[in-house]
Amino acid sequence: MSMPFESAMSDAKEFVSETAEPNPETETGESCAIDARFFDQYAHQATRYAMSLVQCWADAEEVTQEAFCKLIQKRTIAAVSSESAAKAILFTTVRNLSVDQLRKHGRRKFEPFDEHVIKQSDGGLSDSGLEKLESGINQAILDLPDEWADSLQLKVNGGLSYEEIAEVLSATKNQVRIWIFRARKQLQAELKKSGLLETQ
């Protein structure tokens, strides 16, 4: 059984605060070291992205904590010149650790989203309707080609820009735009086909 998200992230944040060394400011005046501010800003997004890959909230928390610890120990982010690059390194690390975990344990079925990932909707859906919609979305995402799913999850769950996604996936910005466009189109078509999305 895993610790609640807030407790687990609090422990990880404490580790970050104790071990991170400040980075001198770059030419642009922004500091790129992993510090409490960087952790606060990106930990939840990184965990949501990990969740979209490993499909288990406890494993996603573990992956995020391990990613921050690795980056601190290697002092990787302290050497970069922009926060955007630091964010890309973080999400690349989360992606690699998630893939490693999936290789060890095999791909799982999606667990139902919990309160950390999705808030209750006021859209008039019943609990069973919401579960059916979540299940349909999850299955449709599993059916997407890997590049499409990864880029969409980095955009939606990670909150990354097209440039940052391109850096994480070693692709061009235009490829990322196309992948996300196609992923959204396919998801929309699948949800309409299954009756989970109303046609207009």
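A crude spin-label estimate for the pair Ser82 and Val156, with each label 7 Å from Cα along the Cβ direction, gives 2.7 nm.
Dipole size in debye (nearest 20) for the range 127-193 around its Cα centre, Lys and Arg Cβ +1, Asp and Glu Cβ -1?
It works out to roughly 420 debye.
The Rg/Rh ratio for the range 127-193 is 1.03, where Rg is the radius of gyration of the alpha carbons and Rh is the Kirkwood radius.
Just so you know, all these numbers are worked out from the coordinates, no wet-lab data involved. Source: prediction; values computed, not measured. Counting neighbours? That spans all protein chains shown, and the Cβs are built from the backbone with ideal geometry, glycine included.
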